[in-house]
1. I'd like to know if the range 427-444 contains one or more residues that are in a loop (DSSP other than H, G, I, E, B), farther than 30 Å from LEU403 by Cα and charged (D, E, K, R).
2. Which residue is nearest to ASP90 (Cα to Cα), if the candidates are limited to the range 134-169 and must be touching a His at 6+ places or on another chain (Cβ under 9 Å) and surrounded by fewer than 16 Cβ atoms within 10 Å (Cβ to Cβ)?
3. Identify, please: which residue in the range 501-524 is under 16 Å from GLY490 (Cβ atoms) and among the aromatic types (Phe, Trp, Tyr) and is, among those, surrounded by the most Cβ atoms within 10 Å (Cβ to Cβ)?
4. Taking the criterion of being touching a strand residue (DSSP E or B) at 6+ places or on another chain (Cβ under 9 Å), touching a residue at least 60 places away in the same chain (Cβ under 8 Å), assigned to a loop (DSSP other than H, G, I, E, B) and loosely packed, with under 14 Cβ neighbours inside 10 Å, would at least one residue in the range 525-540 satisfy it?
5. Given the options SER3, SER106, SER62, name the one that is of a type in the set (S, T, N, Q) and in contact with an Asp or Glu (Cβ under 6 Å, 6 or more places away or on another chain).
6. Please go through the range 34-60 and pick out each residue that is closer than 30 Å to TYR116 by Cβ and at pLDDT 95 or above.
7. Check whether at least one residue in the range 456-465 is outside any strand (DSSP E or B), surrounded by 17 or more Cβ atoms within 10 Å (Cβ to Cβ) and touching a Gly at 6+ places or on another chain (Cβ under 8 Å), and report yes or no.
8. When you check PHE290 against the structure, is it closer than 30 Å to TRP171 by Cβ, at pLDDT 95 or above, hydrophobic (A, V, I, L, M, F, W, C) and within 26 Å of the chain's Cα centre (by Cα), yes or no?
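The values are calculated or read from the model by the stated rules, or taken from the named source; none is laboratory data. These numbers were taken from a predicted model, which means no experiment stands behind them. Counting neighbours? That spans all protein chains shown, and the Cβs are built from the backbone with ideal geometry, glycine included.
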Amino acid sequence: MVSAVATATHRQGHEAEPNGAFPADPSSFKIDAGLFRADFAPTKDNVLFLTAETFTKTTEASFPSLVTATFAGQTGRQRITRDRATLGYDFTSGSGYFRNVQARLSWQGAKVRETYQTRQSIPAGAPPPAPQVFVPRLRLRDSNFRNRGLSGSVQVESAARIADRAHRILWGFDGSRTKQTRNEDFSQFDGVTGAFLNKIFVGENFPLKRIPDGEVSRYAFFVQDEITLDAAQRFVGSWGLRADHYKLTVTNDALYQNLAKGTAPVGFDQWSLAPKLGLLWRVSAQESFFARYHRGFRNPTNEDLNGSIVNLTTPPVFYRTRPNPALKAETSDSFDVGMRARRPGATYVVSVYYNSYSNFIETFSPTRDPQRPSSPGDPVVYQSKNIRRARIHGAEASIELPLGHYEKSLAGFAWSNSFAWSRGDNVTDGKPLNSIEPPKWVSALTYTSADQWGVRLSGTTHAPQRRADQGAILALWDGRPPTPAQFVPGGVTVFDLAGYVNIAKHVRLSAGLYNLTDRRYWHWQDVRELDRGRADLQRFTQPGLNSRVTLTVSF
């Protein structure tokens with residue numbers, strides 16, 4: 001039997017306005033995507049398929065927020081393309097050592113191109129206190145990133161009975177090889193005559209590569225065994241082991257040395273073992289408890305090991321990034337325990353977790369206080385580094401109540417709640433991890449009418465961030481009051497109303513009103529490096545009352 005399906009998607013939109021006195025910089029985007037899949041099934045147990053995907057996103061923007069007396073304006077364009085093809089094979093059997101087999105072979109190519117055009121005036125002549133003379137300049141910047149690679153995997157599910165215990169065994173391997181290149185170019189022209197001047201900007205000579213060309217190879221072998229421990233199948237134990245090999249190979253060339261200035265790039269080669277253990281206790285058909293442990297790891301990237309950015313000519317901030325060839329792989333030991341239940345009157349999950357990290361990778365953190373004044377001879381240096389010890393722990397809970405179970409007149413209504421809390425610490429330096437989100441609670445009342453239409457009213461409460469590393473903010477300080485301090489947004493509750501209606505079998509209309517009470521609020525991740533004295537903090541707010549309408553046609 002042969003079957004096929006195709007989908008096409010087109011989206012377009014523009015910037016969301018923040019809820020404040022500062023408008024968003026204008027931007028517009030367009031997305032086009034397509035997918036095609038063809039299946040060939042000679043028998044009901046065997047399926048061979050081919051999938052092809054394409055994705056393109058184009059964004060154009062201008063930046064009036066940057067305009068000053070000497071900065072006339074900037075425009076930019078970004079184009080992201082991604083193409084992927086996958087050949088797959090699935091085999092299904094009711095019993096045996098090869099109960100289920102999945103094999104995949106994929107190719108992917110991705111490109112990101114960004115271009116910027118800037119008009120500004122730069123000082124010429126003697127520095128202050130001499131009278132300043134400015135000359136206009138046109139600056140064009142072009143960066144290209146390309147990523148292409150092959151990947152493959154095989155996963156086998158086996159069933160066996162060993163020592164009078166039932167075993168469900170998953171085993172297999174996966175691997176990939178990816179090549180990456182990133183080139184940047186820059187040209188400067190006379191803003192009046194248009195004559196070409198040079199290819200130098202903030203002390204960097206273009207064209208250049210901020211990272212060397214690299215090839216990343218990943219290969220992994222894994223096995224997992226679920227063991228039924230008792231005849232009643234109430235206790236299920238599991239163990240697993242994954243062996244990973246990660247290798248980064250880099251190429252040194254003249255474009256990389258334009259920035260590296262004699263520093264040779266370094267590669268990375270390491271094997272890692274990741275064991276895991278688990279125990280499941282089925283108290284009843286509706287309720288169970290679980291406990292799990294697993295070891296994880298994260299390898300340093302090409303950017304961490306070899307990335308470079310330089311600004312030693314343009315005030316007020318002089319800075320550079322520095323490669324760190326001594327980076328080690330990050331490892332973690334994670335524990336979580338909890339319970340889950342699915343009863344006629346409630347579905348709920350509760351869990352707590354604790355993650356302990358060794359050699360935690362902190363990406364491009366400053367090696368000295370970034371708030372002190374900088375100079376070309378004493379720039380702020382950013383470098384990825386290992387934090388010897390870090391930890392993150394927290395708790396999560398969710399519950400959904402079908403209200404019709406308690407009162408027949410409320411059939412179709414459901415009330416759901418979810419809560420998440422976490423805390424992170426740099427144990428080595430005794431500081432909080434600013435990447436940790438503050439607590440969040442989402443409560444929603446939903447009504448669904450026999451799959452024809454539905455509506456949802458939700459309230460999301462963001463708690464204020466109680467713990468912040470004040471030394472991580474991006475603000476200069478000359479030693480005089482006021483001292484820069486991290487902006488910490490207050491807590492807020494935001495209400496949203498959304499719904500859908502199935503117009504026809506394959507047509508759905510969805511619409512929503514968001515931030516119903518028009519609250520002004522910030523997301524912590526958008527402001528966690530900003531000084532509370534910054535004048536344009538409202539530029540980083542989330543949109544006020546806004547709406548969204550979507551028409552979905554499936555075929």
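1. Yes, the range 427-444 contains a residue that is in a loop (DSSP other than H, G, I, E, B), farther than 30 Å from LEU403 by Cα and charged (D, E, K, R).
2. Kept after step one, since they are touching a His at 6+ places or on another chain (Cβ under 9 Å), are these residues of the range 134-169: 158-161.
Applying the additional criterion that residues be surrounded by fewer than 16 Cβ atoms within 10 Å (Cβ to Cβ) yields 160-161.
Working: ALA160: 20, ARG161: 24 Å.
Restricting to residues being touching a His at 6+ places or on another chain (Cβ under 9 Å) and surrounded by fewer than 16 Cβ atoms within 10 Å (Cβ to Cβ), the top hit is ALA160.
3. TRP522
4. Checked the range 525-540: no residue is touching a strand residue (DSSP E or B) at 6+ places or on another chain (Cβ under 9 Å), touching a residue at least 60 places away in the same chain (Cβ under 8 Å), assigned to a loop (DSSP other than H, G, I, E, B) and loosely packed, with under 14 Cβ neighbours inside 10 Å.
5. Values: SER106 fails: in contact with an Asp or Glu (Cβ under 6 Å, 6 or more places away or on another chain); SER62 fails: in contact with an Asp or Glu (Cβ under 6 Å, 6 or more places away or on another chain).
When all the criteria are applied, what remains is SER3.
6. Residues of the range 34-60 that are closer than 30 Å to TYR116 by Cβ, as a first pass: 34, 53-60.
Once the filter is applied, which keeps residues that are closer than 30 Å to TYR116 by Cβ and at pLDDT 95 or above, the range 34-60 yields GLU53, THR54, PHE55, THR56, LYS57, THR58, THR59, GLU60.
7. Taking the range 456-465 and keeping what is outside any strand (DSSP E or B), we get 463-465.
From what's left, surrounded by 17 or more Cβ atoms within 10 Å (Cβ to Cβ): 465.
Retained after the next criterion (residues that are touching a Gly at 6+ places or on another chain (Cβ under 8 Å)): none.
Checked against the condition, which is being outside any strand (DSSP E or B), surrounded by 17 or more Cβ atoms within 10 Å (Cβ to Cβ) and touching a Gly at 6+ places or on another chain (Cβ under 8 Å), the range 456-465 yields no hits at all.
8. Details: closer than 30 Å to TRP171 by Cβ: yes; at pLDDT 95 or above: yes; hydrophobic (A, V, I, L, M, F, W, C): yes; within 26 Å of the chain's Cα centre (by Cα): no.
So PHE290 does not fit the description; no.
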